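K.L.:
Before I ask anything, here is the structure I am working with.
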Amino acid sequence: MDWAMLIEWVVKALLLTVILLTGFAYTTYLERKVLAWIQVRIGPNRAGPWGLLQPAADGIKLIFKEELIPAYADKIIFVLAPVITMIPALIINAVIPWGREVVIFGRKVALYLADVNVGVLYIMAVASISVYGVVLAGWSSNNKYSLLGGLRASAQMISYELALGLAFLPPIMLAGTLNLREIVEAQRSMWYVVYQPIAAFIFLVTSIAEVNRAPFDLPEAEQELTAGYHTEYSGMKFALFFMAEYTKMIAVSAIFASLYLGGYLGPFESQFPWLGPVYLALKIFLGLFLMIWLRATFPRFRYDQLMALGWKGLFPLALLNVVVTAGVLALVG
């Protein structure tokens, strides 16, 4: 056994987990500040300088908040559902490349956790199981409003996952590989968003719907469902659902950047590989800002509008785009 490689994997996995959990906390801060800026408010400004300790204050509050389990709930599934929701949000980041190889203490270290030949397929598989936690949370609560929220989540994910899967195909066809690092490297001459603006738009819209962000946050429509699938949750179980949502926002932004915005590529990255993680972080920040901006701009869809957009709008458009792309590549190649 290569102990050095095993230690490298463990250190990179722990470092990635810490980055994601810290990123989740400060994505909540970013959202509150950006929304306040757009709505001409102040936002968090009490806990620490400029309100920077607000995520820590929120975490401490949720840790000490009383956790309740409904008397007639399925207690085992009720407790496991938030964990089932959180785990895919973390492990989906394993195949995202943050850069090329760099030299650390005389040893070449790859700036990614796993270089999987079917990395895009792995992402699609993990993303598709994340809805189980939401559905099980709604069902196990023994609450009709929670159940409706869970059912909405499953219907929404099925509807938008078809178009999302088709939006993965153009970068795969252009690069000729399912390996996410190789797809990024294939964009050194030109980002794929230039060749495939329609696919990039479809990917962006469907991924926002996948993570249940506004204006697609129907599974937690407060006006109709009191709070949706997490109505009966409190304390850290409640917090885990939002940890999963914001962690998935980071993951979706990283995947979008890798598929369409050149990932870790940028000026002078080939000479200075350490710039790779910086460029990817900036692109993730832009993706997060766009999601927050959309939340502040658009009202929530009605459910019939949500389903019509997915089935009658995005799915046929994504299918047509794949057919046209395949035809153009066949003619050019």
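The values are calculated or read from the model by the stated rules, or taken from the named source; none is laboratory data. Just so we're clear, the structure is a prediction, and the values are computed from it rather than from any experiment. Cβ sites come from the backbone with ideal geometry, for glycine too, and all protein chains shown count toward neighbours.
K.L.:
How many residues does segment 101-119 contain that are within 23 Å of residue 3 (Cα to Cα) and outside any strand (DSSP E or B)?
P.N.:
Within segment 101-119, residues that are within 23 Å of residue 3 (Cα to Cα) and outside any strand (DSSP E or B) number 8.
K.L.:
Just checking, does segment 272-280 include any residue being touching a helix residue (DSSP H, G or I) at 6+ places or on another chain (Cβ under 9 Å) and either farther than 30 Å from residue 101 by Cα or among the hydrophobic types (A, V, I, L, M, F, W, C) (or both)?
P.N.:
yes
K.L.:
State all residues of segment 167-221 that are aromatic (Phe, Trp, Tyr) and touching a residue at least 40 places away in the same chain (Cβ under 8 Å); if no residue qualifies, say none.
P.N.:
Matches in segment 167-221: 168, 191, 192, 203, 216.
K.L.:
Can I ask one more? Run down 50, 9, 37, 98 and say which single residue is touching a residue at least 60 places away in the same chain (Cβ under 8 Å) and part of a helix (DSSP H, G or I).
P.N.:
After applying the criteria, what remains is 9.
K.L.:
Within segment 249-284, track down each residue that is in contact with a Lys or Arg (Cβ under 9 Å, 6 or more places away or on another chain) and over 24 Å from residue 174 (Cα atoms).
P.N.:
249, 273, listed by residue number.
K.L.:
Could you pull out the residue among 267, 316 that is modelled with pLDDT under 95 and out of contact with any helix residue (DSSP H, G or I) (no Cβ under 7 Å at 6 or more places or on another chain)?
P.N.:
267
K.L.:
So residue 262 ticks every box in (1) among the small types (Gly, Ala, Ser); (2) in a loop (DSSP other than H, G, I, E, B); (3) surrounded by fewer than 21 Cβ atoms within 10 Å (Cβ to Cβ); (4) under 19 Å from the mean Cα position of the chain (by Cα) but one. Which box is left unticked?
P.N.:
(3)
K.L.:
I've got another one for you. Identify, by number, the condition in (1) under 23 Å from the mean Cα position of the chain (by Cα); (2) modelled with pLDDT of 90 or more that residue 218 doesn't meet.
P.N.:
(2)
Yes/no matrix, rows are residues, columns are (1) without any contact (Cβ under 8 Å) to a residue 12 or more places away in the chain; (2) surrounded by fewer than 18 Cβ atoms within 10 Å (Cβ to Cβ); (3) not in a loop (DSSP other than H, G, I, E, B):
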site: 248; (1), (2), (3): no, no, yes
site: 290; (1), (2), (3): no, yes, yes
site: 305; (1), (2), (3): yes, yes, yes
site: 313; (1), (2), (3): yes, yes, yes
site: 318; (1), (2), (3): no, no, yes
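K.L.:
Now for a different question. For residue 239, indicate whether it is of a type outside the set (Ser, Thr, Tyr), within 14 Å of the chain's Cα centre (by Cα) and either within 25 Å of residue 130 (Cβ to Cβ) or at pLDDT 95 or above (or both).
P.N.:
No.
K.L.:
Another question, if that's okay. Being in a helix (DSSP H, G or I) and surrounded by 15 or more Cβ atoms within 10 Å (Cβ to Cβ) is the filter here; which residues of segment 60-76 pass it?
P.N.:
Scanning segment 60-76 gives a single hit, 62.
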